[in-house]
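Notes to accompany the following structure.
Quick note: the coordinates plus some simple rules give every number you see, no bench work behind them. Source: prediction; values computed, not measured. A quick note on method: Cβ atoms are made from the backbone with ideal geometry, for glycine too, and the neighbour counts reach across all protein chains shown.
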Amino acid sequence: MTSQKSFKPGDLVVCVDDIDTQGKLEHGKTYKVIKSDAYFTFLEGLRDDNKGFYSGRFELVEEKPEETTKPQLFKPGDKIRCIAGYYELTKGITYTVEDLGTGLTGNKTVKLVGVDNYWNEGRFELVQPELVQEPSSKTQFKVGDICSAFGCEGRVVNVFNDAEYPIEVKFENDTQTCWFIKGGKYQTWHKTPSLVLVSRPKKMVTKTVEKWINVYPSHNSWTYNSEAEANNSVGINRIACVKLTGEYEVEEEA
């Protein structure tokens, strides 16, 4: 590759060639010229082997590059992850920003804790802090729960999932009502819950009982667990064998 371009010291040039140069040049990035001839251009801060780059890789920047007006992406103390490893930098590793700087060509740079030199911000991305999550073990109140708050015992009568204060609790024999947010806090700015679960009534289930009885003109028989059992015990003058059905509620077994 040859070129008839020639730049003068102090010129700002932009790299227009995306041919691999072992990571030394970045396509679209602006550099400052130290010296140049028709074939080679030497750039400030790049190459210490007394070799320049082909001049045809660059175009002259007539105006101050827009990059110099961009605000700093990061600030001291930020956690940033390397997305373009180079020399001391390891791709995928998270570093802490120690200081900020501006390169000779106006590009924004960062100094990392424990790492020498300032590095182009474009080699990093911000590690977003994890959102603070409430403990997953917090109580999820249900209708019927027996709870206590402010020294009084109450009962959860409603839970509205789409409300800001979804938990309705009745106190003092259902004469006083208080509302709580999920988890039992009385106000959103409270640090700890005011509502505490005391007990949770077991779920009631319906049981059905069936019995059979032999009916006689003057009396009824004992009850039997099945129709066949009743028939096996039939007496003289039986009028009918009647099925008796009843329902009752019991607490669901754990």
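Rg and Dmax of the range 193-254, based on Cα coordinates, read 20.5, 72 Å.
Pairs from the table (142/243; 111/191; 8/108) lying more than 31 angstrom apart at Cα are 142/243; 111/191.
The convex hull built on the alpha-carbon positions of the chain has an orientation-averaged projected area of 31.2 nm².
The packing ranking, built from the mean of other Cβ atoms within 10 Å per residue, places the peptides 157-169, 34-46 in the order 34-46, 157-169, highest first.
Under 5 Å from the amide H of residue 61 lie the amide H atoms of 12, 13, 14, each residue being 5 or more positions distant or on a separate chain, with H modelled from the backbone and absent for Pro and chain starts. Every helix of 4 or more DSSP H residues in the chain counts as -39500 (n - 2.57), and over all residues that averages to -500 deg cm²/dmol at 222 nm. Only Cα sites of the range 146-199 enter the Debye sum here, all with the same form factor; the resulting log10 I(q)/I(0) across q = 0.14, 0.17 1/Å is -0.30, -0.45, listed in q order. Highest mean packing first, where packing is the average number of other Cβ atoms within 10 Å per residue, the peptides 220-230, 109-119, 241-251 line up as 109-119, 220-230, 241-251.
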